[in-house]
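> Here you go, one structure.
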Amino acid sequence: MSDSDVQLVILAAGIGKRMKSSTIKILHRASGRALIDYVLELAGAVSERKPIMIVGHQRETVEQHCGQRADYAVQAEQLGTGHAVLQAESLVRRSGATRVVILSGDVPLTRPDTLRRLVDEHVAALNEVTLLSMQLDDPDMYGRIVRGATGEVVKIVEANDANDAQKTIREVNAGIYVFEMESLFQNLRNLSAGNAQGEFYLTDIIGKIRQDGKRVGAILADPVEALGVNSRADLAMVERELNRRTLEQLMEQGVTFRNPDTVSIDTTVWIGPDTVVYPSVCLEGSTRIGRDCVIDPGAHLLDVTVGDRVHIKTGVVAENAIIEDEAQVGPYAHLRPGTKLGRSSKVGNFVETKKAVFGPGAKASHLSYIGDAEVGADVNIGAGTITCNYDGVNKHKTVVEDGVFIGSDSQLVAPIRIGRGAYVGAGTTVTKDVPPDSLALSRVPQRNVEGWAEKRRAKLKKK
Ligand code: UD1
Ligand code: CA
């Protein structure tokens, strides 16, 4: 297919009433990206020309989202798919293309090869229009493809306008077409809206072209590829399919999934070979996981970068964090944005971190809050240690230099610096900087009162 011949037009002006949403349908997300992102990617895979997008509802938001990836034509009032395409006429003519490929913004699963096959067939068969169709057990609200005695496509009838016999037709219109440019716009200008919905249907010009004795072609697509999103149920189906495709690809690259049906992974996520992913794991956004890692059940990572040979244990929640090679996290740790765990470091049970950088080999194994902190190499943070980073108005920084040992149940009142190699005794409230290699201790000295307990019990018995 020659790029210079084809201009893509994407229909994206309708709100999508059946979604029952205040957000326009094409900006609903599936597997980490908006529906329209998948369509733009498809457009980019088949043509180097910028696609033209027809926008209307929530136009500013849509244009902001899609940015430079498309040129825009405005359909001020949503008078139907035919009327929508007509709004692109001047931009299409300016492009110099002789053919127009029309995509629907709400049909996100079509593969580039299928679209190329459609264009190749159109060119080879000298068609005036070639459309993508599919066979469905339940044709539901899709437009029906009416074929003639010799199997030729005669017209498309929309579900709302179909008679009982036509309603039983199982071959339906996917909403993806290749048109010869001149004939497309000529026919669009002559459309009328005399149908059940009072709209200018793009699909009506198929019958018109056929009546004029021109060639109308159709090729069959896998129903999954032509699935249109009109409802939340359709959206869930799209997400399931995208997830299936992502896992299939990751397995091909050498990732093991213990129970793939329970795992949810965005199309934007990458995982290295020999990593094992346990059930009920959710990986989102720009998350990247290295090789030879183990991701235990119930981990939820969003925009997290994970090195090699890392063990993410059960119930870890992490967002916008970096975890370097051989680190161990969890079970039940919460890494909040700005966390960076160095090589072979360890953040254990019920530890929460935020804007915390751990040097190589540093450990906080149990029940801690470490926020706004710089933790040096090989530091050991005892169970229950808390950085007191917030004074009610401002956040302050804690610096723990290399090789420091912090005893259990300590509080580090920021801003504070604990010098290299220092010790903090268990139960200490550190309020002053600690010089390197010294011991900080703020406990009241212990006093044992011998025989005290025995006397007390005797006293209680007498009463
Ligand atoms: C359309 C087709 C139907 C096909 C189905 C496949 C028509 C008349 N019907 O029906 O044959 O089986 O797609 O998914 O074309 N849009 C605009 N402006 C408008 C109306 C719609 O830009 O005035 C956009 C929508 O935002 C959407 C696309 O066109 O992205 C399709 O519109 P939609 O209302 O979903 O059409 P369907 O009823 O699904
Ligand atoms: Ca639709």
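The values are calculated or read from the model by the stated rules, or taken from the named source; none is laboratory data. Just so it is clear, the structure is predicted and the values come from calculations on it, not from any experiment. All Cβ positions, glycine included, derive from the backbone under ideal geometry; neighbour counts span all protein chains shown. Side chains are part of the model used for accessible areas, which takes the heavy atoms of the whole protein and leaves out ligands, DNA and RNA. Shrake-Rupley method; radii C 1.70, N 1.55, O 1.52, S 1.80 Å.
> If we keep just the residues of segment 45-71 that are touching a Pro at 6+ places or on another chain (Cβ under 9 Å) and without any contact (Cβ under 8 Å) to a residue 40 or more places away in the chain, which is nearest to S90 (Cα to Cα)?
It comes out as D71.
> Another question, if that's okay. Report, by residue number, each residue of segment 240-258 that is surrounded by fewer than 19 Cβ atoms within 10 Å (Cβ to Cβ) and either of a type outside the set (A, V, I, L, M) or touching a residue at least 60 places away in the same chain (Cβ under 8 Å) (or both).
R240, E241, R244, R245, E248, Q249, E252, Q253, G254, T256, R258
> A further question on this structure: Consider T314 carefully, then state whether it is assigned to a loop (DSSP other than H, G, I, E, B) and β-branched (V, I, T).
Taking the combined requirement at face value, the residue satisfies it.
> May I pose another question? Being open to solvent by 30 Å² or more (accessible area, probe 1.4 Å), under 30 Å from V129 (Cα atoms), assigned to a loop (DSSP other than H, G, I, E, B) and among the hydroxyl-bearing types (S, T, Y) is true for just one of S280, S192. Which residue is that?
The match here is S192.
> Of all residues in segment 197-229, which are within 14 Å of ligand 1 (Cβ to nearest atom), in contact (Cβ under 8 Å) with a residue 40 or more places away in the chain and assigned to a helix (DSSP H, G or I)?
D204, I205, I206, G207, P223, V224, E225, A226
> Continuing with this model, one more query. Return only the number of the condition from (1) closer than 25 Å to Q87 by Cα; (2) open to solvent by 20 Å² or more (accessible area, probe 1.4 Å) that G148 does not satisfy.
(1)
> Which one of G14, G56 is at pLDDT below 95 and not charged (D, E, K, R)?
Among G14, G56, only G14 is at pLDDT below 95 and not charged (D, E, K, R).
> Moving on. Among helices (runs of 4 or more DSSP H) lying entirely in segment 1-91, which contain 2 or more residues that are open to solvent by 60 Å² or more (accessible area, probe 1.4 Å)?
Filter on segment 1-91 gives 59-66.
> Name the pairs: first residue in segment 27-44 and polar (S, T, N, Q), second residue open to solvent by 20 Å² or more (accessible area, probe 1.4 Å), Cβ to Cβ under 7 Å, at least 6 apart or on different chains?
As it stands, the answer is S31/E239; S31/N243; S31/T267, since those pairs meet every condition given.
> Could you grab me the full set of residues in segment 205-235 that are in contact with a helix residue (DSSP H, G or I) (Cβ under 7 Å, 6 or more places away or on another chain), open to solvent by 60 Å² or more (accessible area, probe 1.4 Å) and under 20 Å from E171 (Cβ atoms)?
Selection gives K208 alone.
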